[in-house]
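Engineer: I have a structure here, written as structure tokens, and I will follow up with some questions on it.
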Amino acid sequence: MDSVSANRRFWNRISGSYQCEHDPQIGAAPRLWGTYAIPDAQLRALGDVTGKRVLELGCGAGQWSRVLAAEGATVVGLDLSEAQLTAAARAMGAARYPLVQGAAERLPFAADSFDLVFCDYGGLSWAPPHLAVPQAARVLRPGGRLVFNVASPWFEACYDEATSRATTTLHQDYFGLDAIDEGQGAVSYQLTYGGWIRVLRGAGLVIDDLIEPRPDPGTANGYNRTDPPDWAHRWPAEMLWVTHKA
Ligand SMILES: C[S@@+](CC[C@H](N)C(=O)[O-])C[C@H]1O[C@@H](n2cnc3c(N)ncnc32)[C@H](O)[C@@H]1O
């Protein structure tokens with residue numbers, strides 16, 4: 001639980017500037033995945049949510065949650081940061097949904113509460129996976145789905161802190177990425193491919209797919225610079241896991 005308070009402070013601090021910079025991209029259209037804003041209609045990860053009980057784990061300003069609520073899901077948006085939750089409350093549409101402050105490491109919900117738990121660079125990027133994945137699995141009903149998008153170990157290993165961009169050189173060891181210093185005390189998390197598979201299976205989840213979102217060359221990325229610019233067209237920058245509870 002070490003990073004919970006540091007990450008909460010971090011997101012409270014950056015929420016205003018983050019939303020100014022990224023909300024126009026994240027919220028530009030419904031159901032956009034990841035840093036390249038690839039439509040779910042293309043990736044087909046989430047499926048129909050009508051009538052489903054849905055938890056967004058680290059909802060930020062709720063760009064995903066408000067869309068799914070409008071589609072007829074019973075959505076709960078959970079986030080660690082009160083500043084992010086305030087942004088979500090401000091941006092809520094006509095389809096109201098509850099916002100809950102909490103940590104992916106210790107979810108304040110009963111077992112079997114949801115049909116779908118998902119996030120896009122949310123709680124499963126910012127909480128230790130060996131804690132957050134079993135929590136997500138616990139609150140899912142049997143057959144319920146955990147779907148989440150995170151940065152890939154490729155991207156992390158090729159990320160050059162000195163120039164703040166992903167390059168074609170390996171800058172970090174693949175083994176031992178684990179806890180990644182995000183500055184100002186904040187920490188994000190990454191596992192090896194084998195590590196993710198073991199954590200997911202260990203929590204009783206069945207892996208249905210590992211989608212590797214691939215932007216077309218020239219697709220804008222509002223978050224990270226890459227060298228070459230079409231890096232993510234050539235190598236997998238993100239991992240979109242599709243799983244269900246056995
Ligand atoms: C990159 S945003 C993801 C939200 C949205 N999809 C987006 O791209 O802006 C990361 C969110 O995770 C939240 N977060 C960080 N650590 C968390 C934790 N341990 N549990 C739940 N949420 C957390 C942050 O407050 C932040 O709102």
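Since every read-out is calculated from the coordinates, none of them should be taken as a lab result. The structure presented is a predicted model; accordingly, all values stated were derived computationally and were not measured. Quick reminder, even Gly has a Cβ in these numbers, built from the backbone with ideal geometry, and neighbours come from all protein chains shown.
Engineer: For the chain, calculate the relative contact order in percent as a whole number, restricting contacts to Cα pairs under 8 Å that are 6 or more residues apart. Please report the intermediate quantities before stating the final value.
Structural biologist: Numbers: 513 pairs, mean separation 48.6, N = 246.
Averaging sequence separation for qualifying contacts and normalising by length gives 20 percent for the chain.
Engineer: Can you pull the one-decimal nm distance between simple spin-label points at ALA246 and GLU182, each 7 Å off the Cα toward Cβ?
Structural biologist: Label at ALA246, label at GLU182, 3.2 nm between them.
Engineer: When the chain is modelled as a GNM with alpha-carbon springs shorter than 10 Å, which of THR163, THR219, THR35 fluctuates the most?
Structural biologist: THR163
Engineer: Roughly how many nanometres apart are two label points built 7 Å out from the Cα toward the Cβ at ARG165 and ASP23?
Structural biologist: The modelled label-to-label distance comes out at 3.0 nm.
Engineer: Counting Lys and Arg as +1 and Asp and Glu as -1, what is the net charge of the other residues whose Cβ lies under 15 Å from the Cβ of GLN42?
Structural biologist: Numbers: positive: ARG31, ARG44, ARG214; negative: ASP40, ASP120, ASP209, GLU212, ASP216, GLU238.
Counting the neighbours of GLN42, the net charge comes to -3.
Engineer: So for segment 44-195, taking the charge dipole from beta-carbon charges (+1 Lys/Arg, -1 Asp/Glu), which of VAL150, LEU191, VAL49 sits furthest toward the positive end?
Structural biologist: Of the listed residues, the answer is VAL49.
Engineer: On to the next question. In what sequence, highest mean first, do 70-77, 203-210 appear when ranked by Cβ atoms within 10 angstrom? Let's see the in-between values first.
Structural biologist: On the way: 70-77: 20.4, 203-210: 16.4.
Those peptides, ordered most packed to least, come out 70-77, 203-210.
Engineer: Restricting to Cα pairs below 8 Å that are 6+ residues apart, what does the relative contact order work out to for segment 125-227? Please round to a whole percent. Don't skip to the answer; put the middle values down first.
Structural biologist: Working: 103 pairs, mean separation 32.3, N = 103.
It rounds to 31 percent for segment 125-227.
Engineer: Sticking with this one: Quick one: pull the percentage of alpha-carbon pairs in the chain with a separation above 27 Å.
Structural biologist: Details: 9101 of 30135 pairs.
That tail contains 30 percent of the Cα-Cα pairs.
Engineer: Also, quick follow-up: Arrange the peptides 150-161, 178-189, 52-63, 121-132 so that the one whose residues have, on average, the most other Cβ atoms within 10 Å appears first. Write down the numbers at each step before the final one.
Structural biologist: Numbers: 150-161: 19.3, 178-189: 14.8, 52-63: 25.6, 121-132: 23.4.
In descending order of packing, they fall as 52-63, 121-132, 150-161, 178-189.
Engineer: How much net charge surrounds ALA132 when only other residues with a Cβ under 11 Å from its Cβ are counted (Lys, Arg +1; Asp, Glu -1)? Spell out each step's value before the answer.
Structural biologist: On the way: positive: ARG106, ARG138; negative: GLU105.
In short, +1.
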